[in-house]
Amino acid sequence: MNDTPGWASPGSAPSNGQNAGVPNPAEPADAPSSKWSKEQPPPGQWSAPSGSGSVPRPPASGWGGAPQGGWGRPPAAAKPGVIPLRPLGVGEILDGAVSTLRAHWRTVLAVTVSVSVVTQIASILVERYLLPEPPEVNPDATPEEALQQSVESLQASMIAMGPALLIMLIGTLLTTALLTVVISRSVLGRSVTLPEAWREARPRLPHLLVLILLLPLGSALVLCVGILPGVLIGGAGVLLSVIGGIAAIVAVIWLMIRFALAPPALVLERQGVIASLRRSAKLVQGAWWRVFGITLLTVLLAFLVSMVIAIPFTVIGFAVDGVSLSDFFSGNSPEFGWPFLIITGIGSVIASSITYPISAGVTALLYVDQRIRREALDLELARAAGLPGYGTEPPGNHSTRG
């Protein structure tokens with residue numbers, strides 16, 4: 001057992017509801033062997049590991065020494081860091097992500113601001129010097145010409161999305177790796193500096209890069225499979241393309257949620273790419289809707305925060321650059337100058353510095369929560385945090401949890 005960000009090796013016992021036929025990922029070479037008991041209590045019921053002393057309880061208060069929290073309530077779960085060591089609610093996951101930002105703001109902002117500034121500068125330079133001019137739209141065009149203009153606009157948008165997507169993926173790669181390390185330490189109540197986080201995350205970057213590239217490429221392939229048959233048929237295949245596209249979008253959403261926990265599994269368990277995908281699928285199985293709901297809520301919150309920050313900077317950028325909103329909404333493509341790009345870029349950096357830690361924090365804490373629910377990771381974390389009453393022996397030495 002160690003207290004590094006790879007603090008816990010994958011549980012060897014199948015998760016509740018997990019099909020025994022699903023292959024388990026290989027045990028990391030540098031982690032101690034651990035075997036979980038086959039007898040696991042239902043979620044939400046935790047007891048002290050046998051033979052290791054009693055779980056520390058809050059001080060008694062009130063008449064008759066009733067535990068804190070009211071008559072008949074169990075003692076509060078241990079909380080060495082930003083989350084209590086028990087199954088988490090939605091609010092606790094979001095609060096844990098925000099608490100990490102508050103508790104380790106120097107390290108978190110050093111990561112997010114640095115990455116956001118570099119990616120934003122790269123995006124501005126690419127947009128300014130490398131991308132072709134968008135095609136002009138003729139409002140008096142015939143239906144055939146309007147269709148051709150739409151196709152050209154779509155092609156220009158796709159070309160513009162390529163470099164932006166690549167820059168975004170690189171930024172996501174760095175922030176995900178570094179912030180996952182920071183969050184893993186914050187769960188144990190320990191601080192981490194930026195050099196320490198970089199030292200821990202750097203060996204995982206090549207694998208994480210492959211994973212982050214593989215997920216959107218796989219999604220694009222699924223979309224092509226759904227839409228391409230109707231496109232090949234021609235005019236009569238429009239309905240088939242629509243139906244296939246809807247089915248492909250549903251499949252992509254299902255796959256993205258199923259593999260949503262692969263990045264923290266790859267970083268914290270030092271898994272390979274395929275092993276981390278299998279690991280995520282195992283943890284998400286039986287909890288797909290819960291992971292989907294929390295992920296969707298996080299995306300909506302991040303979007304709202306980004307809009308609240310971006311809109312004022314955009315309005316200021318229009319005013320400083322001398323571009324009117326009527327020109328922008330008229331369908332024309334106004335020429336944005338450096339003042340507009342710089343001001344909106346500052347807004348994007350501020351928004352990213354806030355939303356990146358929350359998104360990465362929710363993903364990492366969802367991973368921790370699923371392992372607590374399925375593999376009794378709370379006991380492992382308590383030992384790693386050095387809490388009294390949990391001993392120092394690995395969980396494989398106990399025949400039962402209670």
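Centre-to-centre, using Cα atoms only, segment 298-322 and segment 96-110 are separated by 23 Å. Going from the fewest other Cβ atoms within 10 Å to the most, the residues V299, V111, V349 appear in the order V299, V349, V111.
Spacing of the modelled spin labels on A110 and L300, each 7 Å from Cα toward Cβ, amounts to 3.6 nm.
Extending 7 Å from Cα along the Cβ direction at V117 and again at I342 yields two label points whose distance is 1.5 nm. If R0 is 25 Å, the Cβ-Cβ spacing of W289 and I249 corresponds to a FRET efficiency of close to 0.90. Here the spin labels are modelled as points 7 Å beyond Cα on the Cα-Cβ line, and at M168 and L228 they lie 2.4 nm apart.
Throughout, read-outs are computed from the coordinates displayed, never taken from laboratory work. This one's a predicted model, so the numbers in the text were calculated from it and none came from an experiment. All Cβ positions, glycine included, derive from the backbone under ideal geometry; neighbour counts span all protein chains shown.
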